1. What helices (runs of 4 or more DSSP H) lie completely within region 6-60 and have 2 or more residues being within 17 Å of residue 70 (Cα to Cα)?
2. For residue 305, state whether it is touching a residue at least 40 places away in the same chain (Cβ under 8 Å), farther than 30 Å from residue 143 by Cβ and loosely packed, with under 14 Cβ neighbours inside 10 Å.
3. Going through region 259-279 one residue at a time, which ones are over 30 Å from residue 128 (Cβ atoms) and exposed (fewer than 12 other Cβ atoms within 10 Å of the Cβ)?
4. Looking at 384, 377, 285, can you tell me which residue is open to solvent by less than 100 Å² (accessible area, probe 1.4 Å) and of a type in the set (D, E, K, R)?
5. Which count do you get for residues in region 123-167 that are at pLDDT below 80, part of a strand (DSSP E or B) and either of a type in the set (D, E, K, R) or touching a His at 6+ places or on another chain (Cβ under 9 Å) (or both)?
6. Which residue pairs have Cβ atoms under 6 Å apart, sit 6 or more places apart or on different chains, and have a first residue in region 253-265 that is over 20 Å from residue 230 (Cβ atoms) and touching a residue at least 12 places away in the same chain (Cβ under 8 Å) and a second that is surrounded by fewer than 14 Cβ atoms within 10 Å (Cβ to Cβ) and hydrophobic (A, V, I, L, M, F, W, C)?
7. Name every residue in region 288-298 that is open to solvent by 60 Å² or more (accessible area, probe 1.4 Å) and either of a type in the set (A, V, I, L, M) or touching a residue at least 40 places away in the same chain (Cβ under 8 Å) (or both), in order of residue number.
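The values are calculated or read from the model by the stated rules, or taken from the named source; none is laboratory data. Because the structure is a prediction, the values reported are computed rather than measured. Because the Cβ atoms are built from the backbone with ideal geometry, glycine has one as well, and the counts that use them run over all protein chains shown. Side chains included, ligands, DNA and RNA excluded: accessible areas come from the protein's heavy atoms. Shrake-Rupley method; radii C 1.70, N 1.55, O 1.52, S 1.80 Å.
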Amino acid sequence: MSKRDYYDVLGVAKGASADEIKKGYRKKAKELHPDRNSDNPDAEAMFKDANEAYEVLKDAEKKAAYDRYGHAAFENGMGGGGGGQRGGHPGGDFSSAFSDVFDDLFGDFMGGQRGGGGGRQRASRGADLRYNLRVTLEDAFAGMHKTIKVPTAVPCGSCDGTGSEGGVEPATCPTCSGMGKVRAQQGFFTVERGCPTCSGLGQIIKNPCKSCHGHGRVEKDRSLSVNIPAGVETGTRIRLAGEGEAGLRGGPPGDLYIFVEVSSHDLFERDANNLYCRVPVSMAKAALGGAIEVPTIDGGRGRVQIPEGSQSGRQMRLRGKGMPTLRGGGVGDMFIELAVETPVNLTARQKEIMREFEDLSVENTNPESGSFFSSVKSFWDGMKG
């Protein structure tokens with residue numbers, strides 16, 4: 001019976017790239033693995049054929065010889081590079097080829113690690129912590145120092161973080177011999193898992209500390225002084241290295257991340273480094289013009305001149321009265337937005353004056369109204385036509 005073409009075995013086209021050949025082999029290895037085909041007596045032979053094909057096509061020299069001479073390249077010593085060949089073909093030992101894709105096939109199952117290295121360290125790094133800090137807009141403008149209390153795990157004082165009573169060093173795990181992982185044979189493969197006896201730490205504690213129950217750390221509130229720089233915004237993240245959770249059994253601590261939230265303000269609205277302040281003005285002030293005083297975020301006062309005939313929504317700028325840029329780089333501006341207020345609760349005399357003003361009004365007194373009603377008249381005339 002003639003041998004199948006190696007490219008057909010892997011399901012790739014002739015002239016396929018190294019990546020395409022590897023992908024084809026990965027697919028076939030998953031598909032034909034005997035552990036997944038217990039009801040197929042031909043699966044093992046087909047799996048070995050795929051391995052044999054990959055062993056040749058993954059090697060540039062062997063691939064070139066195969067492309068030129070076909071299977072004859074590996075008969076009677078042809079093709080060179082015959083080391084590792086057994087039984088007259090290049091794929092006698094499937095492990096060399098399959099090791100190339102072992103990580104890809106089982107990386108998730110094994111946590112992305114291959115065997116053969118040293119055991120895991122008994123000490124592990126502590127977790128990073130998050131602290132949400134709310135500050136006022138004034139604090140964000142000026143910057144501040146604030147003391148916060150963070151509930152976290154700290155090294156146990158009774159055992160000096162070892163987890164063992166009296167600070168005695170933990171013993172080597174007898175199950176994994178300190179490796180932190182054990183191996184199990186599954187079909188063709190040797191699979192590594194975390195040691196169930198020591199939970200992957202490589203060591204066990206025979207006499208756990210009574211204060212921390214063998215963990216080497218205890219829960220406690222810590223007081224930390226935090227520097228909040230001027231110009232922080234909602235979402236600003238501040239990292240305090242080494243201020244997170246203590247490591248397990250003497251491991252290094254994690255980090256503390258402070259996420260800043262700036263509270264809304266009664267007077268100012270923030271947009272990046274600029275501030276907006278909506279200021280109500282009387283109808284008379286808007287019509288006649290004049291100066292008004294407005295608050296600024298630093299607690300001071302700014303003086304703004306309102307032009308005659310100002311309308312609601314008109315904006316005026318106070319340069320340099322906004323928020324500072326985080327870590328330097330200038331200061332934003334403050335924008336005053338006018339809101340012309342219609343008077344209410346008028347006295348009889350005020351109403352009389354208003355009626356007199358209305359009677360004396362001409363078209364150019366209210367130009368926007370005149371323009372609007374002129375457009376309305378044209379619209380109605382058009383509808384009649």
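1. Helices (runs of 4 or more DSSP H) meeting the threshold: 6-10, 43-57.
2. No: the conditions fail for residue 305.
3. Once the filter is applied, which keeps residues that are over 30 Å from residue 128 (Cβ atoms) and exposed (fewer than 12 other Cβ atoms within 10 Å of the Cβ), region 259-279 yields 266, 271.
4. Numbers: 384 fails: open to solvent by less than 100 Å² (accessible area, probe 1.4 Å); 377 fails: open to solvent by less than 100 Å² (accessible area, probe 1.4 Å).
Of 384, 377, 285, the one residue that is open to solvent by less than 100 Å² (accessible area, probe 1.4 Å) and of a type in the set (D, E, K, R) is 285.
5. 1
6. 255/241
7. Scanning region 288-298 gives 288, 298.
Residues checked against (1) touching a residue at least 24 places away in the same chain (Cβ under 8 Å); (2) outside any loop (DSSP other than H, G, I, E, B):
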{"position": "270", "(1), (2)": "yes, yes"}
{"position": "277", "(1), (2)": "yes, yes"}
{"position": "280", "(1), (2)": "yes, yes"}
{"position": "316", "(1), (2)": "no, yes"}
{"position": "321", "(1), (2)": "yes, no"}
{"position": "346", "(1), (2)": "no, no"}
{"position": "355", "(1), (2)": "no, yes"}
{"position": "368", "(1), (2)": "yes, yes"}
{"position": "372", "(1), (2)": "no, yes"}
